[in-house]
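Report on the structure given below.
The values are calculated or read from the model by the stated rules, or taken from the named source; none is laboratory data. Not measured: the values here are computed from a predicted model. Cβ: placed from backbone, ideal geometry, glycine included. Neighbour counts: every protein chain shown.
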Amino acid sequence: SLTPADQVWVSGTQTTLASGVALNWLSQGSITLAVSGGLVLYTAGNEAKADSPNTERGIALHAAQGKVSARAHKNVAQLAAKTAVKIASTEADVLVSAPAKHVLATAAGAYLRIEGDNIELGAPGKVEFKASQREWTDPDQETVDMDLADGQLGGCDAKDNADV
């Protein structure tokens, strides 16, 4: 239907909108979806039909201007892929933050954990540090006053009395 004013779709149970080739929703303003039970986007990722105007497969979110934001306010947010996950910034920093716990990066049994003032590295094999310049600094030091016992330094009785 076409209308120069508002349009409202209301259904008591379900509403289905289907297309054999492509379904396009366009707006010169904004599109808002509000759901109380959850939102699922699904694609089979099949080959595009020859007459399809969009040959890209999968699910894509594009923002020509402005930001893209995804949040899980009361639960876990998870991103997973069978082959690779790429997080990149073409012009600025990538920020990973966990102010109440730790940041953990793992791969093939090796890990990097950043928690508070501590950085922990672990690996099933060797750990290498490579750089064209190195600056090794000492940790913060603290002086401790301690009395050492007075006495004569002696040998080990078991070793001194052993038969050779």
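A compact table of results
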quantity	calculated
Test: residue in the stretch 123-144 that is among the β-branched types (V, I, T), within 16 Å of the chain's Cα centre (by Cα) and more than 30 Å from G38 (Cα to Cα)	no
Qualifying residue in the stretch 49-58 (condition: over 34 Å from the mean Cα position of the chain (by Cα) and at pLDDT 85 or above)	no
Any hit, the stretch 148-161, residues being farther than 24 Å from A77 by Cβ and surrounded by 10 or more Cβ atoms within 10 Å (Cβ to Cβ)	no
Evaluation of A105 against (1) of a type outside the set (S, T, Y); (2) within 21 Å of A77 (Cα to Cα); (3) not in a strand (DSSP E or B) (one fails), failing number	(3)
Inter-residue pairs, beta-carbon under 7 Å, first at pLDDT below 75 and in the stretch 135-164, second of a type in the set (D, E) and in a loop (DSSP other than H, G, I, E, B), 6+ apart	none
Residue identified as surrounded by 10 or more Cβ atoms within 10 Å (Cβ to Cβ) and part of a loop (DSSP other than H, G, I, E, B) among A98, A81	A98
Single residue of A70, A92, A100, A107 found to be over 30 Å from S19 (Cα atoms), under 18 Å from the mean Cα position of the chain (by Cα) and modelled with pLDDT under 90	A100
